[in-house]
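See below for the structure under consideration.
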Amino acid sequence: MAIPLSWYLIVAAALFCIGFYGVLARRNAVAILMGVELMLNAVNINFLAFWRYVRPEEPLGQVFAIFVLAVAAAEAAVGLALIISIYRTRKTINIDNIDLLRG
Amino acid sequence: MMIDYLPLLILFVVAAVFAAIAIIMPSLIGPKNPNKMKQEPIESGMIPFTDARQRFPVQYYMVAVLFILFDIEVVFMYPWAVLLNKLKVFGLIEMGFFLLILLIGYVYVWRKGAFEWD
Amino acid sequence: MNLPHIDFSVITPELIVIATALVVMLAEFVGAHATPSPTRSHRIALIALLGLVLAALAAVAGLGRAATDIQGMLVADDLGRYLELVVLLAAALGLLLAWDYLPQFTKMHSEYYALYLLAVVGMMFMGKSTELITLFVSLEILSVALYVLTGFHRGQLAAGEAALKYFLLGAFSSAFFIYGAALLYGDTGSTHLVDIAARASGGFLTLAGLALLLVGFGFKLAVVPFHMWTPDVYQGAPTPVTAFMSVGTKAAAFVALFRVLQAAGVSYATWSLVLALLATLTMTWGNLAALRQSSLKRMLAYSSIAHAGYMLIGVTAGMQLGLSAVLFYLFAYAFMNIGAFAVVSLLERPGYHATQDATIDAARGLFARKPLLAVVMAIFLLSLAGVPPLAGFFGKLYLFNAAVQSGWIWLAIVGMINSVVSAYYYLRVTVLMFMTEADETSFLRSPLSNATGLAIAVAMVGTLLLGIFAGPWLQQLGQAALAFAGS
């Protein structure tokens, strides 16, 4: 227990912000997806740290982390399929060029 | 306070030393007779036939997507396996339902022909 | 170790829909070598519809019973059962719209209906979740299914674009949602809403956690400023999907929001001001943007943002007064909004480029050609605008009344001004239908099939009946709301 809880939280928050930045700054749909995945995994660090430091007797944080992993996988699968399908019809996955719907 | 981080430091040192040995030792004691073949990137003993930066056929994505889904389901079995002795028949039935639903998805994917390469 | 006791009667309707979804998914392979045809599609749709009806019966059978729960994760109370009924109603109406719409652009019928039913399951679970993990998983079940359904029309550029935008922003908002859940977990050491309510410190972790959860809900509810995806997605998605998700997602998310806010407990006074500001922004922005739309679907998309704003007034008013009004509004909204989308689906042609399709001009002179349809559409639009004695009027009346009674008089006034503004764009379409001559751009692009006709008839009857029996129905819902608020 030498490392204080706040260190984990700071790392998680930093990773979350990096992912956040990636989502906002990147134009490639796959890179945006990677940013989102980073955000999800940053939160997982939070869950595990909280589990260890706040209530280690109940493994709720671990369970939540497993579900987040599973959901992230499902989202990645669906997202990649969508991106491939778009690439086939448009020949681009740059979100600046995917701008048919507006107004 | 700082003494608590000693195991961490030792771990780093051991890892660094191990990596350094693995890199330095072969160049010191290994036989050296370079030829063109050896300069090629390694591809499991095969001769690489193209550059790595090429487009992959879409079938790879299909397999990758299916792999992610069925791979991640196994994660749920670890906590279940740890507790199976206590959960007994109840746990077995629950996992049976979980696998049944997964199996229906598997049958669907199979009948759709997603496992066929062409 | 005690084995968990699981009372499966808590989730009977959900189990029925899940089983139906699995059957529908494999139905395609029964009777080998049969080519997909409309009859085949109808058969699959019929199975799905039967499942929805059975689930609705199971939900009705539970009404009035005492609340039961599974390990504090899912609860079957009257609030949850009414939520299930709204979702199942919207799902059944949307399914009837898809009945003849779907075979026009795709051969993948099993997939469509299976995903559709899974989205329904996600919504039903979401409204019954009393624990953050179940809440998150059900939210994702419905979202992932809807991402795919949005892009189901694969040949169409707009559909793929809508699906990608929905997916990227949806996944993005999920990250905020679970960050909020993580902070609440860190604050209280539990993911159960009951424990969170009891142990919340009220400090930074509680506030930040709830704020991040609210951002996640905001995305799903299309609350300004988290609404950017809504018009694009609603316009690009197949119309039956748009009709279904505009109601179903909102219903599930609003009920879940009430449950989470109840857990916030003590800090409700702090939150109501934030909610009031969000409601004001959402109503005003949605209505002003809807004024200048030329696409019917996009106009209804902005109008749905505005309606989310009206319902937020009810959330601001709190558990005692607002909840029954929001529930009433959800029922009314299910009938009138899906009815309006049903008529729009007749004015567009699937397979056609969505961004050029079903403009407001498509409604031109509808009365001269199809008088009955024009009258029905006018009723839906007037109900959306809040004209008495239709369902939409009473929905707004109850919401504003709840706001006034709980002391949010300025919010009720903002809501009324917004209703007046919104009347302009609903009436503009109505005027076009009745007062103008038909020209060559306006014709029914899809023939009126029996299924669509049935959906429109049900929506119509619902809009009228909810208007006539508004009082008794509100009392009915009020009991569920009271039982929830008191618990």
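Elements of the type helices (runs of 4 or more DSSP H) sitting completely within segment B:1-77 and holding at least 3 residues that are touching a Leu at 6+ places or on another chain (Cβ under 8 Å) and closer than 29 Å to residue A:77 by Cα: these cover B:58-75. Picking from residues in segment C:137-156 that are under 16 Å from residue A:84 (Cα atoms) and of a type in the set (Val, Ile, Thr), the one that is farthest from the other protein chains (Cβ to nearest Cβ) is C:150.
Residue by residue, here is whether (1) at pLDDT 90 or above; (2) within 21 Å of residue A:62 (Cβ to Cβ); (3) at the interface with another protein chain (Cβ under 10 Å from one of its Cβ atoms) holds:
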site	(1), (2), (3)
B:60	no, no, no
B:65	no, no, yes
B:71	no, yes, yes
B:74	no, yes, no
B:80	yes, yes, no
B:100	yes, no, yes
B:108	yes, no, yes
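Within segment C:201-226, the set of residues being within 19 Å of residue C:315 (Cβ to Cβ) and not in a helix (DSSP H, G or I) comprises C:222, C:223, C:224, C:225, C:226. Put simply, of A:63, A:78 the only residue that is surrounded by fewer than 21 Cβ atoms within 10 Å (Cβ to Cβ), within 8 Å of chain C (Cβ to nearest Cβ) and part of a helix (DSSP H, G or I) is A:63. The single condition from (1) more than 14 Å from the chain's Cα centre (by Cα); (2) at the interface with another protein chain (Cβ under 8 Å from one of its Cβ atoms); (3) under 25 Å from residue C:195 (Cα atoms) that residue A:68 fails is (1). Selection within segment B:83-98: residues that are facing another protein chain (nearest Cβ under 10 Å) and either assigned to a loop (DSSP other than H, G, I, E, B) or aliphatic (A, V, I, L, M) (or both). The member of this set that is surrounded by the most Cβ atoms within 10 Å (Cβ to Cβ) is B:87.
Residue selection: residue A:80 fails the criterion of being in contact with a Leu (Cβ under 7 Å, 6 or more places away or on another chain) and not aromatic (Phe, Trp, Tyr). Being crowded, with 24+ Cβ neighbours inside 10 Å and under 24 Å from residue B:108 (Cα atoms): is that true of residue C:117 here? Against the criterion (crowded, with 24+ Cβ neighbours inside 10 Å and under 24 Å from residue B:108 (Cα atoms)), residue C:117 qualifies. Checking each residue in segment A:84-103 for being more than 25 Å from residue B:102 (Cβ to Cβ) and in contact with a Phe, Trp or Tyr (Cβ under 9 Å, 6 or more places away or on another chain) picks out only A:93.
Residue C:413 fulfils the conditions (1) under 23 Å from the mean Cα position of the chain (by Cα); (2) surrounded by fewer than 15 Cβ atoms within 10 Å (Cβ to Cβ) except for a single criterion, (1).
Residues that are among the hydrophobic types (A, V, I, L, M, F, W, C) and surrounded by 23 or more Cβ atoms within 10 Å (Cβ to Cβ) within segment C:386-398 comprise C:390, C:391, C:394, listed in sequence order.
Restricting attention to segment C:362-374 and to residues that are crowded, with 16+ Cβ neighbours inside 10 Å and out of contact with any helix residue (DSSP H, G or I) (no Cβ under 6 Å at 6 or more places or on another chain), the residue that is modelled with the highest pLDDT turns out to be C:373.
Which of the residues that make up segment C:48-69 are more than 22 Å from residue C:27 (Cβ to Cβ), among the β-branched types (Val, Ile, Thr) and part of a helix (DSSP H, G or I)? Matches in segment C:48-69: C:60 only. Within segment A:19-32, can one find any residue that is surrounded by fewer than 17 Cβ atoms within 10 Å (Cβ to Cβ) and in a loop (DSSP other than H, G, I, E, B)? The answer is yes; a qualifying residue exists. Among the residues of this structure, residue A:88 does not count as one that is more than 7 Å from chain C (Cβ to nearest Cβ), touching a Pro at 6+ places or on another chain (Cβ under 9 Å), without any contact (Cβ under 8 Å) to a residue 24 or more places away in the chain and surrounded by fewer than 18 Cβ atoms within 10 Å (Cβ to Cβ). For segment C:128-175, give me each residue that is among the polar types (S, T, N, Q), under 18 Å from residue C:91 (Cα atoms) and in contact with a Pro (Cβ under 9 Å, 6 or more places away or on another chain). Selection gives C:150 alone. Go through the residues of segment C:92-105 one by one and say whether even a single one is modelled with pLDDT of 90 or more, touching a strand residue (DSSP E or B) at 6+ places or on another chain (Cβ under 7 Å) and in a helix (DSSP H, G or I). Within segment C:92-105 (the criterion being modelled with pLDDT of 90 or more, touching a strand residue (DSSP E or B) at 6+ places or on another chain (Cβ under 7 Å) and in a helix (DSSP H, G or I)), the answer is no, since none of the residues qualifies.
Please pick out the residue among C:163, C:171, C:159 that is more than 9 Å from chain A (Cβ to nearest Cβ) and part of a helix (DSSP H, G or I). Result of the check over C:163, C:171, C:159: C:159. Yes or no: residue C:111 crowded, with 24+ Cβ neighbours inside 10 Å, of a type in the set (D, E, K, R), in contact (Cβ under 8 Å) with a residue 12 or more places away in the chain and at negative phi? No. If you go through segment C:181-200 and keep only what is within 9 Å of another protein chain (Cβ to nearest Cβ) and assigned to a helix (DSSP H, G or I), you end up with C:181, C:182, C:183, C:185, C:186, C:187, C:188.
Filtering segment C:463-477 to residues that are surrounded by fewer than 19 Cβ atoms within 10 Å (Cβ to Cβ) and farther than 14 Å from residue C:393 by Cβ leaves C:472, C:475, C:476. Among residues of segment B:26-57 being among the β-branched types (Val, Ile, Thr) and over 26 Å from residue A:88 (Cβ atoms), the one that is nearest to the chain's Cα centre (by Cα) is B:42. Checked against (1) in a loop (DSSP other than H, G, I, E, B); (2) over 30 Å from residue B:5 (Cβ atoms), residue A:55 meets all criteria but (2). When residue A:4 is tested against (1) under 17 Å from the mean Cα position of the chain (by Cα); (2) within 14 Å of chain B (Cβ to nearest Cβ); (3) more than 28 Å from residue B:67 (Cα to Cα), only condition (1) is not met.
All conditions in (1) at the interface with another protein chain (Cβ under 7 Å from one of its Cβ atoms); (2) surrounded by fewer than 21 Cβ atoms within 10 Å (Cβ to Cβ); (3) not aliphatic (A, V, I, L, M) hold for residue A:94, with the sole exception of (1). Scanning segment C:201-233 for residues being closer than 20 Å to residue C:259 by Cα, within 12 Å of chain A (Cβ to nearest Cβ) and either among the charged types (D, E, K, R) or crowded, with 24+ Cβ neighbours inside 10 Å (or both) gives a total of 2.
Within 28 Å of residue B:4 (Cβ to Cβ), away from chain B (no Cβ under 14 Å) and at pLDDT 95 or above: does that describe residue A:16? Considered against the rule, which asks whether it is within 28 Å of residue B:4 (Cβ to Cβ), away from chain B (no Cβ under 14 Å) and at pLDDT 95 or above, residue A:16 comes out as yes.
The values are calculated or read from the model by the stated rules, or taken from the named source; none is laboratory data. What you are looking at is a predicted structure, and each value in this text was computed from that prediction instead of being measured. Glycine also receives a Cβ, built like all others from the backbone with ideal geometry; neighbour counts cover every protein chain displayed.
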